[in-house]
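Peer 1: Would you mind keeping the following structure in view while I ask a few things?
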Amino acid sequence: MAQSYRRDPHHDSVYKRSRDPSSDLNSDKRHRASDEAQHRPAETLSAHRQLYERNFPLYKQPVEVGFFSLDSHRNFFNDQRKLRYYVEPRQSPDFNLRDGYTNRFVKRDDGVKEKLDHMLKWILANRDKIKTRDQTSSSSSALGVDFVTWRGHLTKVLTTPYETQEGWMLAASKFRGTIYISEVETEAARANRVTRSERQEEMMYWGYKFEQYTCADDVNGTPDPGGVVNTNEAFCTVVQTRLADHKLLFSGEVDCRVRDDAVPAPGCYVELKTSAEICTPKQRSNFHRYKLLKWWAQSFLPGVPQIVAGFRDHDGIVVSIETFQTSKISQLIKNEQNCWKPTVCMNFCNDFLSFVKSVVKEDDPRLVYLLEWEPHRDVTYTVHRDSPFTFLPEWFVKDTRSHHSSHH
């Protein structure tokens, strides 16, 4: 349902409208402009964290509706062939994360922007898997969901009220009643990507290497740290859930699952992380305030219950292992002064999605509403037709339209 933002005490502070400059001509026009403003969507959205300290919004338990794999050449497979199994390491494993960097590493080209393409391929192959049963009324969208996106894009939205360094750009298009959201690389992110130091490049490898030490290809297998690390390969879960009034379908990469097959997805999945070892109270505080926020948001969204962290020294040797239960992370940070709050993240995400619904009105896959945010600023948007920002491919649009016409 489209929402119109009226000037109630809360929304007046969150949603700001641009004042019509012509409304100063006379009081009659001023009245008319204010009447119109009641029904016009807000033009910006505040990311000020104090505005979102309300009750935690409804977030339904995410349900896995499917999965897919990407092979060493980024080819899509509608199956679990790249799912790996978690093998618990000993407490002080001494893994050398530098091993293989120079001679057993195939790195994905992160200059190639795949947009939503893999997820769209999944949708075309699995339309029947998308659950429409929890709808109170017949959905206005053909897919039965309000939003389709990547989990990583939602993670950026969740952490926005606490982000002080990096802005983002998200492209949104409405097609057959569903809003698709795809990230656009900012100029700053592109500059960072092309100027990464050798040390930064190697440390990015360390995270993948840790996975290789702790994952087996088969349920009864053992890890093979002597193999090649190929970051093209991926296993992704596709989950459906609802945040307040917003029905979501999103996909995210999953590192591995526990061996016990009695645990259903997504509750069986494990997120693997590496982080610098914590030696001082200041380092622990920074870890709680910054890193755990990102870790929590990334795993909470798809319902991944545990995060296994390998703490490493300056030379890339893993000196200890710690497991974090996603549901207990908020307890862990409670004693930190002015720390992040899950409720702020989720309320901001809820209001952001409401804002997007109020803005993205025209149903046209070639029309892009570009949402932009920079730290200490409001979320703003611009509208682009037939531009380089268009991201819903012709093959997806055509297939969806022909499928619809053949079913009516």
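The values are calculated or read from the model by the stated rules, or taken from the named source; none is laboratory data. Bear in mind the structure is a predicted one, so any value in this text is a computation, not a measurement. In this analysis, Cβ positions are derived from the backbone assuming ideal geometry, glycine residues included, and neighbour counts consider all displayed protein chains. Heads up: the accessible areas ignore ligands, DNA and RNA and are worked out on the full protein's heavy atoms, side chains in. Shrake-Rupley method; radii C 1.70, N 1.55, O 1.52, S 1.80 Å.
Peer 1: What aspartates and glutamates could a cross-link reach from residue 121, if we take a straight Cα to Cα line under 14 Å and drop same-chain neighbours fewer than 8 places away?
Peer 2: 79, 394, 399
Peer 1: Quick one: net charge of residue 314's neighbours, Cβ under 14 Å, K/R +1, D/E -1?
Peer 2: -1
Peer 1: Which of (i) 261; (ii) 169; (iii) 144 is the computed volume of the Cα convex hull per residue in Å³ for the structure on display?
Peer 2: (ii)
Peer 1: Of all the accessible heavy-atom surface of the chain, with the other protein chains kept in place and a 1.4 Å probe, what percent is carbon and sulfur?
Peer 2: Carbon and sulfur together cover 48 percent of it.
Peer 1: Roughly how much of residue 323 is accessible, in Å² to the nearest 10, using a 1.4 Å probe?
Peer 2: Result for residue 323: roughly 70 Å² accessible.
Peer 1: While we're on this one: Considering only DSSP beta bridges where both residues belong to the chain, give the percentage that are antiparallel (nearest 5).
Peer 2: Here the antiparallel bridges make up roughly 75 percent for the chain.
Peer 1: Oh, and also: If one takes the longest principal axis of the Cα atoms in the chain, at what angle in degrees, from 0 to 90 and to the nearest 10, does the Cα axis of helix 342-359 lie?
Peer 2: 50 degrees
Peer 1: Let me ask another. Quick check: net charge around residue 224, other residues with Cβ under 13 Å of its Cβ, Lys/Arg +1 and Asp/Glu -1?
Peer 2: -1
Peer 1: In segment 158-269, with Lys and Arg counted as +1 and Asp and Glu as -1 at Cβ, which of these residues, 192, 243, 225, has the Cα nearest the positive end of the dipole, that is, farthest along it?
Peer 2: 243
Peer 1: Net charge near residue 191, counting Lys/Arg +1 and Asp/Glu -1 over other residues with Cβ under 14 Å of its Cβ?
Peer 2: Once positives and negatives cancel, what remains is -1.
Peer 1: Say the cut-off is 28 Å between C-alpha atoms; which of 131/334; 115/209; 129/209 go over it?
Peer 2: As for pairs spanning more than 28 Å Cα to Cα, those are 131/334; 129/209.
Peer 1: Something else: With axes computed from alpha carbons, what is the tilt in degrees of helix 27-39 against the longest principal axis of the chain, rounded to the nearest 10 within 0 to 90?
Peer 2: Taking the Cα atoms of the chain, the angle to 27-39 is about 40 degrees.
Peer 1: Restricting to DSSP loop positions (anything but H, G, I, E, B) with no more than 10 other Cβ atoms inside 10 Å of their own Cβ, which trypsin sites (Lys or Arg not before Pro) remain in segment 39-107?
Peer 2: Counting only loop positions with at most 10 other Cβ atoms within 10 Å, the trypsin sites (Lys or Arg not before Pro) in segment 39-107 are 90.
Peer 1: Using only Cα atoms, tell me the angle between helix 394-406 and the longest principal axis of the chain; keep it within 0 to 90° and round to the nearest 10.
Peer 2: That helix lies at roughly 70 degrees to the long axis.
Peer 1: Next question. Using Cα centres only, tell me the gap between segment 370-408 and segment 52-110 in whole Å.
Peer 2: Cα centroid to Cα centroid, the span is 27 Å.
Peer 1: Helix-derived [θ] at 222 nm for the chain: sum -39500 (n - 2.57) over DSSP H runs of at least 4, divide by residue count, nearest 500?
Peer 2: After summing the helix terms and dividing by the residues of the chain, the value is -8000 deg cm²/dmol.
Peer 1: Let me ask you something else. Under 16 Å from the Cα of residue 398, which aspartates and glutamates turn up, not counting those fewer than eight places away in the same chain?
Peer 2: Of all the aspartates and glutamates, those that pass the test against residue 398 - Cα under 16 Å, at least 8 places apart if same chain - are 117, 363, 364.
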